Amino acid sequence: MNLNALPAHPLTAVFVDANQTLALGFRRLHQPKGWTLRINEQADVSPDELPALLGGATIAVIDHTAFPTAVARKATGLRHVVFLGTGARSYMNIEELAELGISVHTIKGYGDVAVAECAFGLMWAAAKKFGLMDRGIRAGQWLRTDGTQLRGKTLGLVGFGGIAQELARLAIGAGMNVVAWNRSPKAFDGVTFLELDDVLGLSDVISLHLLLDNETRGLLSRDRIAALRPGAILVNTARGALLDEDALVDALRSGHIAHAALDVFVTEPLPEAHPLANLPNVTLSAHSAFRTLEASDNLVIAALAHCERIADESAFAGAA
């Protein structure tokens, strides 16, 4: 398809895998300006269905469906993917799509507060063992446990983007000491920046806040998990593949890690028979850290802005 030969605003954008909340948000916030938006409210879509769903559309809006390069080759007319989040590389090969003439646009910052609050809540739930007591009471056991006070303890942040900054503010406000490591130099009031191994060895709580890429995949290896402070709490609201899951299970079983509070996993949904689902010192949530109405609206507004900009640029090129 030659976009330059098309009249102004010929574009169609298709949201291929909308859940109910996001579908409502797109319909409520979209202001029609000559380009078409189609929404598929079947959230569970297989990659092979995408070319037919797109039907020659210029823009694919994708929330959570894998988009292999082999499938993208069949998506005639597609020139842009608007991915609803930052972790597009977990779902598609951005460089290979670029070779096909497909640009991938991601959205940063929309859920920084939501994810930070989730990480903060998971940290406290782990320290107070709320999940363990909740399961016990539901099973008819009056299971009273000793928790951990977090005031005065050290929180170690691995990665220091917008989410980690929000979590640092919360933790400092709660009286915690905060240390951090980031791949590039950072400075933040009240946070001490250290080498990664020092952060891992000194922290009572470790919270992961990195994008998943070739450099960060498996960053928290078996050796690094072994180097964690004994009895530490591990929180992960970033990506499951940042760590060695088998090594994490072993460390939880031995007690080297006192508790893991996890929103993300290598395989999602987490298989029922997975060891993490059956260990008492694990608190689980279903990759939902970013899921608040406020974050969803931020996400929708940013996605629509991407589509609007693409439509305007195409119209300008067509008029030239």
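The values are calculated or read from the model by the stated rules, or taken from the named source; none is laboratory data. Values in this document were obtained by computation on a predicted structure and should not be read as measured data. Cβ: placed from backbone, ideal geometry, glycine included. Neighbour counts: every protein chain shown.
Worth pointing out:
- Summed over the range 137-162, the residues that are crowded, with 16+ Cβ neighbours inside 10 Å and at pLDDT below 95 give a count of 0.
- Answer residue from the range 49-62, given it is under 25 Å from the mean Cα position of the chain (by Cα) and crowded, with 19+ Cβ neighbours inside 10 Å and is nearest to Leu11 (Cα to Cα) among those: Ile59
- Among helices (runs of 4 or more DSSP H) entirely within the range 206-320, having at least 2 residues that are within 20 Å of the chain's Cα centre (by Cα), buried (at least 16 other Cβ atoms within 10 Å of the Cβ) and aliphatic (A, V, I, L, M) singles out 293-319.
Table: residues versus (1) more than 25 Å from Asp204 (Cβ to Cβ); (2) hydrophobic (A, V, I, L, M, F, W, C).
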{"position": "Gly240", "(1), (2)": "no, no"}
{"position": "Ala247", "(1), (2)": "no, yes"}
{"position": "Thr267", "(1), (2)": "yes, no"}
{"position": "Thr292", "(1), (2)": "yes, no"}
{"position": "Asp297", "(1), (2)": "yes, no"}
{"position": "Leu304", "(1), (2)": "yes, yes"}
{"position": "Ala311", "(1), (2)": "yes, yes"}
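- Asp198 surrounded by 17 or more Cβ atoms within 10 Å (Cβ to Cβ), among the acidic types (Asp, Glu) and under 19 Å from Gly231 (Cα atoms): no
- Filtered residues of the range 101-156 (kept if more than 15 Å from Ala232 (Cα to Cα), basic (Lys, Arg) and either in a loop (DSSP other than H, G, I, E, B) or in contact with a Cys (Cβ under 7 Å, 6 or more places away or on another chain) (or both)): Lys108, Arg144
- Per the listing Lys186, Lys108, the residue uniquely within 26 Å of Ile225 (Cβ to Cβ), in contact (Cβ under 8 Å) with a residue 12 or more places away in the chain and charged (D, E, K, R) is Lys186.
- Lone unmet requirement of (1) out of contact with any Asp or Glu (no Cβ under 9 Å at 6 or more places or on another chain); (2) without any contact (Cβ under 8 Å) to a residue 24 or more places away in the chain for Ile172: (1)
- Listed by first and then second residue, the pairs with beta-carbon distance under 8 Å, at least 6 apart or on different chains, first residue in the range 217-231 and more than 19 Å from Val264 (Cβ to Cβ), second of a type in the set (Phe, Trp, Tyr) and assigned to a helix (DSSP H, G or I), form an empty list.
- Tallying residues that are charged (D, E, K, R), more than 14 Å from the chain's Cα centre (by Cα) and assigned to a helix (DSSP H, G or I) within the range 63-100 yields 3.
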